[in-house]
Amino acid sequence: MESSLKKDIRKFSLEQLEEFFVNQGDKKFRAKQVYDWLWNKSLKNFDDMSNISKETREMLKANFTINHILVDLMQHSSDGTIKNAVKLYDNKIVESVLIPTSKRITACVSSQVGCSLDCNFCATARLKRMRNLNPDEIYDQVVAIKDEAETYFSRPLTNIVFMGMGEPLLNYNNVIEAIDKITSPEGLGIAPRRITVSTVGIPKMIKKMADDEVKFNLAISLHSAINETRSRLMPINDVNPLEDLAESLKYWYQKTKRKVTYEYVIWDGINDDEAHAKALAKFCKLIPSKVNIIQYNPIDEGEFRQASQEAVEMYIRILEGQGIIAKVRKSRGQDIDAACGQLANKNEVGELGE
Ligand code: SAH
């Protein structure tokens, strides 16, 4: 296939494109014009680059392709949430979600195809991890949702959360590169403080992020501050126990002075007792933080059930009693399997793992 021999032009930096144009005997600034079309304007077609001569466009077509995502299926929830099933250049599928509230429009994007972590309560964990997403594939998900925000809500995209499929810190370089493009004026110009990266908590990578002085927000999927329970829920806790996570978070705070958010689901009979609530309050005291209590989104008939309202209130009482901010987050998009932990390419059975 001829096209597969051509290089994806968005893998090239501005400097590399400048070098390419100069080698072609063209002007250096041509690179900036093309780069602008590719990133700022998200063009998918060389022929649409209206300030580039036909000859140059033909030359570009002969040398490069523009790999881009395709929104394969768009589902609308009764609460306004939109879920995109996004087809990648190799026909793999990931999902991203647009979450509207009165004040914000948030894009929830994926960082990997599938996920390698085996969190027992998460539907994405049932898909094997197939590959990391490239920076442009992450960027394109944001652009697609930005366009949908404008089309369906006549409002701008305000926030981005890396809470879709995959573990962002296991695809660190590509996630950082995507965020660089999303925040740069040549890209979407979205402020880093409007971006949140959510992780199961990989201490080594949290320290690296602190060293890299990243400017976005950090969220940790905690779910239990007791090792035994957390390991049962999230096997990654066996190799990265809470003590190591705590140490990395202290390092994070020392370096960045930014508070973290803990995401926490309360399950019936698993972590709905006072001992768990008190352990969470203690963990929250390590560094400035707040807690988002997420409603459990059932993924099957299985062992997990949302805890009672009394248990949620008991948690809030204990946390607030210690001066910790805790908010209960209502589930969004449940009817189209777009809520936290429900992203599993249900409409694409062909992509399901074992
Ligand atoms: N791997 C990263 C990014 C995924 S974020 C991380 O774990 O943080 C997805 C969030 O939804 C995580 O906080 C996850 O713990 C939570 N989640 C997973 N399954 C869920 C479910 N069935 N109901 C509610 N939340 C769930």
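Of note:
- Screening Glu310, Glu320, Glu263 for residues that are of a type outside the set (Lys, Arg) and out of contact with any strand residue (DSSP E or B) (no Cβ under 8 Å at 6 or more places or on another chain) leaves exactly one candidate, Glu310.
- The condition of being within 17 Å of Ala85 (Cα to Cα), within 16 Å of the chain's Cα centre (by Cα), among the aliphatic types (A, V, I, L, M) and at pLDDT below 95 does not hold for Ala144.
- Filter pass, Asp140 being without any contact (Cβ under 8 Å) to a residue 12 or more places away in the chain and either more than 16 Å from the ligand (Cβ to nearest atom) or aromatic (Phe, Trp, Tyr) (or both): no
- Within the range 143-160, tally of residues that are surrounded by fewer than 19 Cβ atoms within 10 Å (Cβ to Cβ) and touching a residue at least 12 places away in the same chain (Cβ under 8 Å): 5
- Matching option when the condition is crowded, with 16+ Cβ neighbours inside 10 Å, without any contact (Cβ under 8 Å) to a residue 40 or more places away in the chain, β-branched (Val, Ile, Thr) and on the phi < 0 side of the Ramachandran plot, among Ile206, Ile195: Ile195
- Residue list for the range 307-346, filter: modelled with pLDDT of 95 or more and of a type in the set (S, T, N, Q): Ser308, Gln309, Gln322
- Filter result (over 19 Å from His68 (Cβ atoms), within 13 Å of the ligand (Cβ to nearest atom) and not aliphatic (A, V, I, L, M)) within the range 143-166: Phe162, Gly166
- For beta carbons closer than 8 Å, sequence separation of 6+ or different chains, a first residue in the range 161-174 that is touching a residue at least 60 places away in the same chain (Cβ under 8 Å) and under 15 Å from Leu98 (Cβ atoms) and a second that is outside any helix (DSSP H, G or I) and of a type outside the set (A, V, I, L, M, F, W, C), the qualifying pairs are Met163/Thr196; Met163/Ser198; Gly164/Glu95; Gly164/Ser96; Gly164/Ser110; Gly164/Ser111.
- The test for being within 15 Å of the ligand (Cβ to nearest atom) and modelled with pLDDT of 95 or more holds for Leu169.
- Tabulated pairs, the range 321-340, first of a type in the set (Lys, Arg), second buried (at least 22 other Cβ atoms within 10 Å of the Cβ) and assigned to a loop (DSSP other than H, G, I, E, B), C-beta under 9 angstrom, 6+ apart or interchain: Arg329/Cys340; Arg332/Thr81; Arg332/Ala338; Arg332/Ala339; Arg332/Cys340
- Subset of the range 172-192 [of a type in the set (A, V, I, L, M), surrounded by fewer than 21 Cβ atoms within 10 Å (Cβ to Cβ) and either in a helix (DSSP H, G or I) or within 16 Å of the ligand (Cβ to nearest atom) (or both)]: Ile176
- Flag for Gln16 being part of a helix (DSSP H, G or I) and within 24 Å of Ile138 (Cα to Cα): yes
- Scope the range 108-133; condition hydroxyl-bearing (Ser, Thr, Tyr) and touching a Phe, Trp or Tyr at 6+ places or on another chain (Cβ under 9 Å); matching residues: Ser110, Ser111
- Among the candidates Ala246, Ala225, residue that is part of a helix (DSSP H, G or I), of a type in the set (Gly, Ala, Ser) and more than 13 Å from the ligand (Cβ to nearest atom): Ala246
The values are calculated or read from the model by the stated rules, or taken from the named source; none is laboratory data. Note that the coordinates shown come from a computational prediction; the quantities given were computed from them, not determined experimentally. Backbone-built Cβ (ideal geometry, glycine too); neighbour counts: all protein chains shown.
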